[in-house]
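Read-outs throughout are calculated quantities, based only on the coordinates presented, and are distinct from any laboratory measurement. All values reported here derive from a predicted model rather than from experimental measurement. Here Cβ is always computed from backbone atoms with ideal geometry, including for glycine, and neighbour counts include all displayed protein chains.
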Amino acid sequence: MRKHQRVAGVTNSYSIMALDDDPTMTLTLQTYFRRSGYHVDVENDPYRAIERIRDGQYDILLLDFLMTPICGDQVVEQIRSFNQDLFIILLTGHKSMAPPIKTIRDLDIQGYYEKSDRFDQLELLVESCIKSIKQMRTIQNYQQGLTEMMETMPRIYNLRGREEIAQQLLETAVGFLDGRGGYLALCWEHLLDHRPANWQAKPYLVHAIGAEPSLEELDQLSRRLQEEGIVQLEDNWIVAPIISEQEVAGYMGIQTQEEPQYYQRQLLGIFARQASSALWNAMLRRLLIEKNGELVEANKVLRENYEEVVTAMRLLVDTKDIYTRGHSDRVSYYSVRIARAMGKDEDFCERLRVAGLFHDIGKIGVSDEILFKDSRLTDQEYAQMKEHSANGARILSAITQFQPIVPIVRAHHERVDGKGYPDGLRDEQIPLEARIISVADSYDAMTSNRRYRSSLGEEKAVSELLAGKGAQFDSGLVDVFLQVLQDKETLQKDLASLEE
Ligand SMILES: [Fe+2]
């Protein structure tokens, strides 16, 4: 069936310009194509015609070849300098007067018509141009829709609230699909967060621009969308599914101004898939934030438990060895100061803090006679005393949170020359934290009063550290510690606050 039937008064949306220096010819063309429903303007002067085409919206130019003052090919040349889209059909009086085929190609002329008193062939040519124009418009609309989608989606992905996202999605779709209205219906069943108590009675969360769809309509859609992908309904409605994990989890319906076109259905399908990801991403992000909050809370409780265990164990150590009370605190403090001076991270410093506090916890297992003996220890007693580092490691290993400090406590009496205990490790074999504690432990032992001797004094203690470089102590760490000791004011202040 011919598309443009000759019915008076019926118009289509396509415009023709007819240019011929013969007014009878332009009038005939105008009358003929108007009857087919086209909008037709006529012009007999080539220059005026070019200006009208520059200013107006024409789809097709019917153009006489032989004219004065310029011929058809020159007219086309000028038009092509500013308009590439216009479809041009060249009319000529006689075959022999036609321009060469090369000119027709070069100027991008779509058709060629030899004038006669019948216009059937010309009409066919015009219709074929109209088909191409329609396809071109579809492609342009499609591209425009895709561009709008590409520009909007990153913005929508950045939105946080579901309400806000749904509203934006809907407004975008109605906009680029030339819609009268639309809705976005999401099944509560698939929305895992913030469901109202009565969600089963009202199974859809509906956002709408214009009228909302009824529950029956939505229920019927579910089945059809599973089978058909995109559904077209009465009154220019098109509906695409919102998908979650390969199931239909909602619908996006748009009512277009005119009969929905192929490109509109396709664009809605693409957009609904983008909308699905945006919605479910936002939901997962929200769930993640909530779960993360719960984890932080659980971590806080764990941390509090840990601190309680630390406090309880410190009380235990302090009760056992009353004369060295404060020693563990100071060893812990000096060790952390050394670590900070070395630029170590917070985890490292925290390990040293706790390891410093408990480095001597194994002394719980040493008998009071040995621990509190005023005179020198016998070899046997000393051997028993030396077991405290391995014993301490064993005690701490029973508590999960203390695992990281177990090897440190075990090695705090090792020496870099390999003559320490319990394993006779050397240099780098000894954990760095244990080498640090060794320096801090020795210095504090020498500068505090013990049952069996008084403080050696700071000067003597420092010279002992220097003498032990590379034998008992890691040389580099002794240097770092001596640097730390330079800042006497801070040390005095901090040590005083430890005794409070
Ligand atoms: Fe010790």
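For the chain, build the charge dipole from Cβ charges (+1 Lys, Arg; -1 Asp, Glu) around the Cα centre, then report which of L267, A440, L86 sits farthest towards its positive end.
Farthest towards the positive pole: A440.
Work the Kirkwood hydrodynamic radius out for the range 232-274: mean of 1/r over every pair of different alpha-carbon atoms, inverted, in Å.
10.6
Given that compact globular proteins tend to follow 2.2 N^0.38 Å, what is the ratio of the alpha-carbon Rg of the range 76-209 to that value? Let's see the in-between values first.
Working: Rg = 26.4 Å, N = 134, 2.2 N^0.38 = 14.1 Å.
Expressed relative to 2.2 N^0.38 Å, the Cα Rg reads 1.86.
If you average over every viewing direction, what projected area does the convex hull of the Cα atoms of the range 80-148 give, in nm²?
If you wrap the Cα atoms of the range 80-148 in a convex hull and average its projections, you get 5.9 nm².
To one decimal place, what orientation-averaged projected area in nm² is obtained for the convex hull of the Cα set of the range 7-74?
Its average projected convex-hull area is 4.3 nm².
Output needed for the chain: three equivalent-ellipsoid semi-axes, defined as square roots of 5 times the C-alpha gyration tensor eigenvalues, in descending order, whole Å. Spell out each step's value before the answer.
On the way: eigenvalues 1791, 192, 54 Å².
Result for the chain: semi-axes of 95, 31, 16 Å.
With bins 10 Å wide starting at 0, give me the P(r) of the range 343-385 over every alpha carbon pair, in whole percents.
25, 33, 21, 17, 3
How long are the semi-axes of the equivalent ellipsoid of the range 321-499, taking √(5λ) for every eigenvalue λ of the Cα gyration tensor, in whole Å from largest down?
23, 20, 17
What trypsin sites (Lys or Arg not before Pro) in the range 112-193 are in a loop by DSSP, with at most 12 other Cβ atoms within 10 Å of the Cβ?
R118, R160
Sort 275-282, 287-294, 20-27 by packing, meaning the average of other beta carbons within 10 Å per residue, with the highest value first. Don't skip to the answer; put the middle values down first.
Details: 275-282: 20.1, 287-294: 10.2, 20-27: 15.8.
For the peptides 275-282, 287-294, 20-27, the packing ranking is 275-282, 20-27, 287-294.
Using the Cα centre of the range 321-499 as the reference point, and only Cβ charges (+1 on K/R, -1 on D/E), how large is the resulting charge dipole? Debye, rounded to the nearest 20.
It comes to approximately 200 debye.
Just grab the label-to-label distance for E297 and E189, each label 7 Å out from Cα along the Cβ direction, in nm (one decimal).
Distance between the two pseudo-spin positions: 3.1 nm.
Could you work out the pair-distance distribution P(r) of the range 195-350 from its alpha-carbon pairs, with 5 angstrom bin width and percents rounded to whole numbers?
Using 5 Å bins, I get a P(r) of 1, 7, 10, 12, 11, 8, 6, 4, 4, 4, 5, 6, 6, 6, 5, 3, 2, 1, 0 for the range 195-350.
Restricting the calculation to Cα positions, tell me the Rg (one decimal) and the Dmax (whole number) of the range 47-94 in Å.
10.3, 32
Could you pull out every one of the lysines with an alpha carbon less than 16 Å from that of K131, ignoring same-chain neighbours closer than 8 positions?
K3
Provide, as a two-decimal number, the C-alpha radius of gyration of the range 15-136 over 2.2 N^0.38 Å, N being how many residues it has.
This ratio for the range 15-136 stands at 0.95.
If you count, for each residue, the other Cβ atoms within 10 Å and average over each peptide, how do 423-434, 226-237, 371-382 line up from highest to lowest?
Working: 423-434: 17.2, 226-237: 13.0, 371-382: 11.3.
By packing density, highest mean first, the sequence is 423-434, 226-237, 371-382.
Which of D117, D59, D479 comes first, and how do the rest follow, when ranked by fewest Cβ neighbours within 10 Å? Walk me through the numbers before you get to the answer.
On the way: D117 5, D59 22, D479 14.
Least crowded to most crowded, the residues run D117, D479, D59.
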